[in-house]
Amino acid sequence: MLPGDASTRQEPGQSPRRPDLGGRSTVFGARGAVACEHPTAALAGIKALDDGGNAADACVAMAAAMAVLAPMATGMGGDAFLLFHEAGTGRVLGADGSGRAPRSMTIEKLRDRGVTEMPERGALTVTVPGAVRLWEAAAERLGRLPLSRLLEPAREAAESGYPVSEVVARYWEAAEDLLREDEAAARTFLPEGWAPRAGEVFRQPDLARTLAAVAEEGADAFYEGEVGRSIARSVRGAGGYLGEEDLAAHETLWVEPIHTDYRGVRVYEMPPPGQGIAALQMLNVLEGFDLAALAPLSAERIHLEVEAKKLAFRDLGEKIGDPRFVEVPTDELLSKGYAASLRESISPDRAGDAATAPALGDDTTYLCAVDERGNGCSFINSLYMGFGSGVVAGGTGVCLQNRGNSFRLDADHPNALAPGKRPLHTIIPGLAARDGSLWAVFGVMGGPMQPQGHAQLLVNLADHGMGPQEAVDWPRHFHGGGRVLAAGRATSPQEAADDPPGATSEMLLVEGRVPEREIEKLRAMGHDVAVGSPYVVPVGGAQVIRVHENGLRACGSDPRKDGCALAQL
């Protein structure tokens, strides 16, 4: 048995462990490894490694491919972040590829138009898309291959076409009504009048030309060329404020990641305005409890994780914004002393009050890679909600994100809208190291599930000694708004769109593999529990690559998604 892998011994509250009874197995490799939510994109990552690229190259290639293969979740019109572990130095770098609000957009202008809160969709929600500039910056600063080479699999898939995968097809179908509201969106993504079904071949010639232009001319072709002009025209034409000058001024920010230590592992997240700080706060609070002594599927474990989430999300909703505009008390929020004070408010057997948290988007793609040299890259790319704003820039194939939806129109709030400001950001890549060596790259997709998923995944790995695939597959839970929790029995976003009977503003969704006796304990503690099917949408999709002390790469990919993990021998 490898270090960190769980035994097959059963404990109370556990479900049967795989692969003994079927299902996915952990993928092992001695050199490079990738994990991604689509097999074709994973192959693009492995090909980059085979061609002499490193972990950053593999992630850029996969992210570009996913922009084609899962256009509702991610794309050139969205944002991206990465964490990169340098094997030679042990240093962890962070790249912030988030875009800012248009310079001409203000709270006063929106109020004059009768807008009292940020809309969910449409041109007013469009912020500068940061992904393409980050792809280029990552390739140039961290990678070993030219950007043109990394974009080729994506361009080829867009031009020649690809069969739509099953999970992607369900998400696509759920967005048909939104896409019909924008002529360019309908023409691009509903060519026959409806979403392509699973197995149908879909082509994106406009997007292929956009990818080819960036491959040939670099990111400037996107931000300053005809593509950028089309983006600005389309947004302005639909009533938004994004201008050519906003696009031309965009740059990737290289930042110092934030971190905390948990069970001997240093866990890294992106700094505010991302919500990674909430994941670290949760871990700091949970560190004070002996979770290893609790059964992995016990009500007691779930209760403690939910209570830690409530406390962290209270701070997330009240204190986090763009640090270039507001003072964010990051050091205080991450201090062990502050965590201890929060921990004192948690009852071991009674649910506490839930803080009202902002509704956050839930569509993203996460992917990761480790190369032969031991570098690790954790990468995330997103349109925020499914098909983002619903606005497509004519002739480009680029669907634009609705990241601005998370802004508040209260000037005194840390996340208040302001010209050139970055909004509170949901997408968070995760990375962990031990004694300066890479321990894991990991991430969990799904809006407000992401900090919760990071904490649950790390507890599985660090406290319960699970292997990567088991940790990813393990039943998860999600605490959040009742509308999202309509997916208690949902298998698609459409099914998650309506409130379940008796839905409250805050509910706890557990997957159906949690034993009934543990569910009854949670209800007795005061949790409003919704029980889902064995695998449900709101708990997100995870990918993880563990690096063992002997150098072996062990990889897990979520069965809740279409993807897989691949490794070089």
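A few points about this structure:
- Each Lys or Arg adds one and each Asp or Glu subtracts one; over the other residues with Cβ under 10 Å from the Cβ of residue 527, this totals 0.
- Residue exposure sequence - 298, 378 - by fewest surrounding Cβ within 10 Å: 298, 378
- Extension gain for the segment residue 292 to residue 217, taken as residue separation times 0.36 nm less the Cα-Cα distance, is 21.7 nm to one decimal.
- Inter-centroid distance (Cα atoms) of segment 414-451 relative to segment 526-557, Å: 16 Å
- Only lysines eight or more places from residue 47 in sequence, or on another chain, were considered; none has a Cα closer than 20 Å.
- Cβ-derived FRET efficiency at R0 25 Å, residue 318 paired with residue 517, nearest 0.05: 0.10
- Protection proxy ranking, peptides 41-52, 312-323, average beta carbon neighbours within 10 Å, highest first: 41-52, 312-323
- Judged by the gyration tensor of its Cα atoms, with axes a ≥ b ≥ c, segment 79-175 is oblate; a/c meets the 1.5 cut and b/c is at least as large as a/b.
- Length added when fully stretched, residue 344-residue 120, from 0.36 nm per residue minus Cα-Cα: 76.9 nm
- The GluC sites (Glu not before Pro) found in segment 121-214 that occupy coil by DSSP, while having at most 12 further C-beta atoms within 10 Å, are 192.
- Over the chain, volume per residue of the alpha carbon convex hull, in Å³: 130 Å³
- Cross-link table 109/310; 310/336; 109/319; 309/561, entries beyond 27 Å C-alpha to C-alpha: 109/310
- Mean separation of Cα pairs under 8 Å and 6 or more residues apart, divided by the residue count, gives the chain a relative contact order of 25 percent.
- Over the chain: helical MRE at 222 nm, DSSP H runs n ≥ 4 each giving -39500 (n - 2.57), nearest 500: -9000 deg cm²/dmol
- Charged neighbours of residue 325, selected by a Cβ distance under 15 Å, balance to +2 (K, R count +1; D, E count -1).
- Net charge of the neighbourhood of residue 432, taken over other residues with C-beta under 11 Å away and scored Lys/Arg +1, Asp/Glu -1, is +2.
- Near-label residues of segment 128-160 by backbone N, under 14 Å of a point 7 Å along Cα→Cβ of residue 89: 141-143
- Förster radius 35 Å - calculated FRET efficiency between residue 176 and residue 144 (Cβ-Cβ, nearest 0.05): 0.25
- Shown is the FRET efficiency for residue 434 and residue 30, computed with R0 = 30 Å from the Cβ-Cβ distance and rounded to the nearest 0.05: 0.95.
- Taking the fewest neighbouring Cβ atoms within 10 Å as the starting point, the ordered list for 552, 569, 304 is 569, 552, 304.
Only the coordinates and a few stated rules stand behind these numbers; no lab work does. Values in this document were obtained by computation on a predicted structure and should not be read as measured data. Here Cβ is always computed from backbone atoms with ideal geometry, including for glycine, and neighbour counts include all displayed protein chains.
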